[in-house]
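Scroll down for the structure; my scribbles are underneath it.
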Amino acid sequence: MNVESADQARQDPEYRKALVELLYQLADDELCLGHRDSEWLGVAPDIEGDVAFSSIAQDEVGHAVFHLERLHELGEPDPDFLAFSRGPTERRNAVLVERPNGDWAQTILRHFLYDVFDDVRAESLLASSYRPLAQGMAKIRREEYYHLLHLKMWVIRLAQGGGEARRRLEQALAEVWPEVGGLFSWGEGEAELLRHGLIQCRSDELMHRWAERVKPIFREAELLWPGLPPQPELQGRSGEHTQDLAELIRTMSEVYSSDPAARW
Amino acid sequence: MDGQKARADYDVFEVFVQKTQADFHVHVGSVVAPSPDVALMTARENFLRREKAVNLWIVPRGEIHATPYDEPDWFAREMDRKYREVGGYSENGRLWKMYRERALHLEDIVRDLEETPGRGEGGEEG
C-alpha cells in the first residue's frame with residue numbers, strides 16, 4: 001500500500017521507524033561524499049575540473065538536504081542539527097564514503113563506483129511505497145546522470161592514460177575494493193523495509209545489478225574485474241565507523257559547533 | 001616534467017550555449033581542457049551551474065578564423081548608406097496593425113459609412 005505523506009507515515013509507528021532508518025542511510029551517504037568532494041575545492045588538477053567537482057559536491061549535499069528534510073517532516077530534528085550534531089555511531093553511511101579522498105585517481109574511482117550504486121539504488125526506490133521519496137528519487141536521478149557521465153569519462157581517461165595515471169588507478173582499485181561491499185547493505189532492518197514495500201530489491205540483488213553496470217566500463221578501461229566485492233569489516237549501516245568519520249564530522253561542523261545560530 | 005608536458009597538451013575551447021531550441025548558440029567564454037569530451041564536461045559545470053540550456057558547443061580556438069584587429073578598413077563605412085537602412089519597414093508594421101484593428105470593428109465601419117455625406121443614399125449625385 002502506498003503512503004502519500006509524512007502525516008500518513010507517522011500514523012504507523014513501525015512503518016515510520018523503517019522509513020527513518022532508510023532515509024538516514026540515503027542522507028548520510030550523500031552528505032559524507034559531498035563533504036569529501038568539497039575538500040578538492042582549490043586543489044583539483046585544473047581550474048575547470050575544480051569548479052566542476054565543487055558543483056558535483058554541492059549537488060550531493062543538496063540531495064542529502066532533501067533526505068534530511070523528509071526526516072524532519074517525520075518528526076526528527078531539523079536538518080542542520082541532523083547534519084552537524086549527530087555523533088558517528090548515529091550515522092548510517094557506508095564506511096567507503098567517509099574515508100579520506102586519497103589521490104585524484106582514488107577520488108574518481110570511489111566516486112564512480114558510488115555513483116553507479118547510487119543510480120541503481122535510486123532506480124530501485126522509484127517504486128517505493130513512500131511516494132514523497134519515490135518522487136524525489138526521480139528528480140535526484142536526473143541530476144546524477146551528468147555525474148555518472150563525468151566520472152565515467154575520468155575513469156576511462158585515467159585508465160587509458162597509461163603511465164602514472166593508470167598505475168595510480170590500479171592502486172586505487174586495490175585500496176577501495178575491500179570497502180565497496182558496505183554500500184549495498186540496507187542495514188539490520190532490510191526485512192522490515194521489504195515488508196513495508198519501502199524497498200523492492202534485496203541487497204544482494206542490488207549488488208548484482210551494480211556489477212552488471214560496472215563490468216562493461218571496466219572492460220572499456222581494460223581494468224581487471226576483481227570479482228564481487230567482499231563483505232566489509234565494519235557495517236556502516238549499523239553505526240560502525242572509523243576515526244575518519246569522527247574527523248569528517250568535526251571539520252564539517254566547525255562553524256555550527258561554535259555557534260549553532262550562525263548564518264553563513 | 002611529466003606534469004609540465006601534460007599542461008602543454010591542454011587546448012583552449014570556446015564555449016557556446018543555446019538556452020532554448022529557438023535561440024542561437026551564444027558565446028559565453030572558454031575552458032582549457034585536454035580533449036573535446038573533457039571540455040564539454042567542464043563547460044557544463046563552469047557555465048551552466050545555475051542557468052538552464054538545451055545544448056552546448058565547444059570549438060577549439062585554433063579552428064576559429066577571425067578578421068584582423070589591425071585592419072580597421074575591414075569594417076569601413078564612410079559614405080552615406082541611408083538608402084540601405086530599413087526604417088520604413090518598422091513603420092509598416094505599425095500601420096498594418098492600425099488598419100487591421102480598425103477593420104475588425106464592424107460597427108465602426110457602419111458608422112463611418114453613415115456619417116459620410118453622399119454615402120448610403122443610392123448615389124443620387126453619381
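The values are calculated or read from the model by the stated rules, or taken from the named source; none is laboratory data. Model, not experiment: these values are computed from the prediction. Methodologically, a virtual Cβ is constructed for each residue, glycine included, from the backbone with ideal geometry; neighbour enumeration extends over all protein chains shown. Just the protein is used for accessible areas: all its heavy atoms, side chains included, with ligands, DNA and RNA removed. Shrake-Rupley method; radii C 1.70, N 1.55, O 1.52, S 1.80 Å.
Go through the stretch A:14-41 and give me each residue that's within 20 Å of A:LEU109 (Cα to Cα) and open to solvent by 40 Å² or more (accessible area, probe 1.4 Å).
A:SER38, A:GLU39, A:LEU41
Got a sec? Which of B:GLY93, B:GLY62 is closer than 30 Å to A:LEU151 by Cβ and surrounded by fewer than 12 Cβ atoms within 10 Å (Cβ to Cβ)?
Numbers: B:GLY93 fails: closer than 30 Å to A:LEU151 by Cβ.
Just one listed residue meets the conditions, B:GLY62.
Would you call A:TRP154 assigned to a helix (DSSP H, G or I) and within 14 Å of chain B (Cβ to nearest Cβ)?
Details: assigned to a helix (DSSP H, G or I): yes; within 14 Å of chain B (Cβ to nearest Cβ): yes.
Spelling it out, A:TRP154 is indeed assigned to a helix (DSSP H, G or I) and within 14 Å of chain B (Cβ to nearest Cβ).
Can you tell me which residue within the stretch B:39-52, out of those that are open to solvent by less than 20 Å² (accessible area, probe 1.4 Å) and facing chain A (nearest Cβ under 7 Å), is modelled with the lowest pLDDT? First the steps, then the outcome.
Kept after step one, since they are open to solvent by less than 20 Å² (accessible area, probe 1.4 Å), are these residues of the stretch B:39-52: B:39, B:42-43, B:45.
Add one more test, that the residue is facing chain A (nearest Cβ under 7 Å), and what stays is B:42, B:45.
Details: B:THR42: 93, B:GLU45: 89.
Only one residue fits best here, namely B:GLU45.
Taking the stretch A:182-210, which residues are surrounded by fewer than 17 Cβ atoms within 10 Å (Cβ to Cβ) and of a type in the set (A, V, I, L, M)?
Once the filter is applied, which keeps residues that are surrounded by fewer than 17 Cβ atoms within 10 Å (Cβ to Cβ) and of a type in the set (A, V, I, L, M), the stretch A:182-210 yields A:ALA191, A:LEU194.
What is the residue count in the stretch A:146-166 for residues that are surrounded by fewer than 16 Cβ atoms within 10 Å (Cβ to Cβ) and in contact (Cβ under 8 Å) with a residue 24 or more places away in the chain?
Number of matching residues: 1.
How about the stretch A:51-98: which of its residues are charged (D, E, K, R) and either closer than 23 Å to A:GLU247 by Cβ or in contact (Cβ under 8 Å) with a residue 12 or more places away in the chain (or both)? Let's see the steps before the verdict.
Within the stretch A:51-98, the first condition is being charged (D, E, K, R), and the residues that meet it are A:59-60, A:69-70, A:73, A:76, A:78, A:80, A:86, A:90-92, A:98.
Those that are charged (D, E, K, R) and either closer than 23 Å to A:GLU247 by Cβ or in contact (Cβ under 8 Å) with a residue 12 or more places away in the chain (or both): A:ASP59, A:GLU60, A:ARG70, A:GLU73, A:GLU76, A:ASP80, A:ARG86, A:GLU90, A:ARG91, A:ARG92, A:GLU98.
Could you tell me how many of the residues in the stretch A:216-229 are open to solvent by 60 Å² or more (accessible area, probe 1.4 Å) and either in contact with a strand residue (DSSP E or B) (Cβ under 6 Å, 6 or more places away or on another chain) or on the phi < 0 side of the Ramachandran plot (or both)?
The number of residues fulfilling the criteria is 6.
If the requirement is being within 14 Å of another protein chain (Cβ to nearest Cβ) and either outside any loop (DSSP other than H, G, I, E, B) or modelled with pLDDT of 95 or more (or both), which of these qualifies: A:ALA44, A:ALA57?
Numbers: A:ALA44 fails: either outside any loop (DSSP other than H, G, I, E, B) or modelled with pLDDT of 95 or more (or both).
Every option except A:ALA57 fails the conditions.
Counting only residues that are within 8 Å of chain A (Cβ to nearest Cβ) and hydrophobic (A, V, I, L, M, F, W, C), which one in the stretch B:18-38 is surrounded by the fewest Cβ atoms within 10 Å (Cβ to Cβ)?
Here the answer is B:VAL32.
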